[in-house]
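Structure record follows, encoded as structure tokens.
The values are calculated or read from the model by the stated rules, or taken from the named source; none is laboratory data. Values in this document were obtained by computation on a predicted structure and should not be read as measured data. Cβ placement follows ideal geometry from the backbone for every residue including glycine, while neighbour counts extend to all protein chains displayed. Side chains are part of the model used for accessible areas, which takes the heavy atoms of the whole protein and leaves out ligands, DNA and RNA. Shrake-Rupley method; radii C 1.70, N 1.55, O 1.52, S 1.80 Å.
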Amino acid sequence: MKILLVGSGGREHALAWKMAQSDLVSELLVAPGNIGITREPKCRTAPVPSDDVSGLLELARNEKVDLTVVGPEAPLVAGLTDLFVKSGLRVFGPSAAAALLEGSKVFSKDLMKKYKIPTADYETFEDYDLASAYLKSAKFPLVVKADGLAAGKGVFVCNLEEEALDALHQIMKQKVFGIAGERVIIEDCLEGEEASFIAFTDGVSVIPLASSQDHKPIFDNDRGPNTGGMGAYSPAPVVTTSAHDRIMNEVMLPTVKALEAEGRPYMGFLYAGLMIKDDLPKVLEFNVRLGDPEAQPLLVRMKTDPVRLMLSALEGSLSKETIKWDNDAAVCVVMASEGYPGSYPKGKIILGLDEAETIPGVKVFVAGAESSPSGVVTSGGRVLGVTSLAQNIPEAIKKAYEGVEKIYWEGAHYRRDIGKKALSRS
Ligand code: AMP
Ligand code: GLY
């Protein structure tokens, strides 16, 4: 079968690497892909951007692809699935109506409230003056969130009133996230430890992936602004058996049922970002896709063919599926450009890529790099995800950082504490 994979980041490199191992796959076309993906077997890239939904449809038709798999949220929220399905093409990923779960935080919070899915208490504002008046009488800390898509950067955890007023000003007056900031959510600040809980769903059955944990802030010990994610590991010991059962019964299954009841049936990856305290989960946000960088450690541990699971989801027969996992642990350390998540330079020559991959159990996934006459150079904020598989988390951490140390470019930044929270629980 010929598959079109949409996206160009580390998550898509990990998906391409894993899907290329499937006996069901003869060819993988990745749009627009990246230089790491071009080096994988069966893979070819096409220069169509992932938000050019009609360009992607033309590509899928011309190339006669059998299935399209969407990595990032933007094309799903923009209605890629609806457009493809109307043209008789198969897509693994939710419709625009269902993808609103990530596309609008107001929609997602209101859905959780209506169906009693645990999440922080919140207020919604469309008016700047009303929101700032609310902040002036509120208790801190609290969290200010832009309603729409903001590449993981539209959330401000504020300890002080002036921080919250500044966040509100950026979102609603300066419009730094454009129309995504026409409405804001102001919500209670939750305590606990975060985890990412991701599943395959066909709209009825929910087949969970292994647990994982992201590291959102740019600096060690969770300091500095939020990023797309600076590293991840799997499994995450904060997701105990009891927490897992509660997440399935109080979050995942009720959410899928709620969307069905609202006339927005959901098929694809469903990701709940959770805060967990004493095994009790509360939802921070939903995403309608795999996490990036969570996909990297999850896919190196996955032993079941994900393409088979995607086809089962499309047929509505996920209930017969289970997923096998490597008992080993996996860790991904993201290497980023200096300055990220703000502005950063591009074109820095990357050395040591091949050397890092000679370490047994280390795989380097490319997120933002390209080829140039002087060799492979940086081209994005998050550049590489150095991912390891080893018998336990401490060994996997050690191995991932051995890989990181082989790689060099001027100004490379990475966190040195990826996986530390798991160590404190073992
Ligand atoms: P989100 O994009 O909504 O997941 O938010 C990004 C990050 O902000 C999360 O991973 C948390 O670290 C933090 N965050 C979001 N909402 C809350 C909340 N209600 N309480 C505490 N931290 C939060
Ligand atoms: N790593 C967080 C996300 O993918 O949204």
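If we keep just the residues of region 224-247 that are in contact (Cβ under 8 Å) with a residue 60 or more places away in the chain and part of a loop (DSSP other than H, G, I, E, B), which is nearest to Ile418 (Cα to Cα)? Even if it seems obvious, please write down each step before you answer.
Filtering region 224-247 down to residues in contact (Cβ under 8 Å) with a residue 60 or more places away in the chain leaves 225-238.
Next, from what is left, pick out any that are part of a loop (DSSP other than H, G, I, E, B): 227-230, 235-238.
Numbers: Thr227: 14, Gly228: 15, Gly229: 11, Met230: 8, Pro235: 13, Ala236: 12, Pro237: 14, Val238: 15 Å.
It comes out as Met230.
Restricted to region 209-222, and to residues there that are more than 12 Å from ligand 1 (Cβ to nearest atom) and part of a strand (DSSP E or B), the residue that is most open to solvent (accessible area, probe 1.4 Å) is Phe219.
Criterion applied to Val238, Val206 was being modelled with pLDDT of 95 or more, crowded, with 18+ Cβ neighbours inside 10 Å and within 16 Å of ligand 1 (Cβ to nearest atom), and the one residue passing it is Val238. When you look at Asp121, is it over 30 Å from Lys399 (Cβ atoms) and away from ligand 2 (no atom under 16 Å from the Cβ), yes or no? Judged against the criteria, Asp121 is a match.
When Met335, Met275 are screened for being aliphatic (A, V, I, L, M) and crowded, with 21+ Cβ neighbours inside 10 Å, only Met335 passes. Val143 fulfils the conditions (1) more than 16 Å from ligand 1 (Cβ to nearest atom); (2) free of Cβ contacts under 8 Å to residues at least 60 places away in the same chain except for a single criterion, (1). Taken together, Ala133, Ala167 contain a single residue that is away from ligand 2 (no atom under 16 Å from the Cβ), part of a helix (DSSP H, G or I), modelled with pLDDT of 95 or more and open to solvent by less than 10 Å² (accessible area, probe 1.4 Å), which is Ala167.
Close contacts from region 293-306, counting a first residue that is farther than 26 Å from Asn226 by Cβ and part of a helix (DSSP H, G or I) and a second that is modelled with pLDDT of 95 or more and open to solvent by 10 Å² or more (accessible area, probe 1.4 Å), with Cβ to Cβ under 7 Å and a gap of 6+ residues or different chains, come to Pro306/Lys18. For Lys320, the conditions (1) in contact (Cβ under 8 Å) with a residue 60 or more places away in the chain; (2) more than 16 Å from ligand 1 (Cβ to nearest atom) are fulfilled apart from (1). Reported count of residues in region 278-304, each being more than 16 Å from ligand 2 (Cβ to nearest atom) and open to solvent by 40 Å² or more (accessible area, probe 1.4 Å), is 5. Pairing each residue of region 1-30 that is acidic (Asp, Glu) with any residue that is assigned to a helix (DSSP H, G or I), provided the two are 6+ apart or on different chains, yields C-beta distances under 7 Å for Glu12/Ile37.
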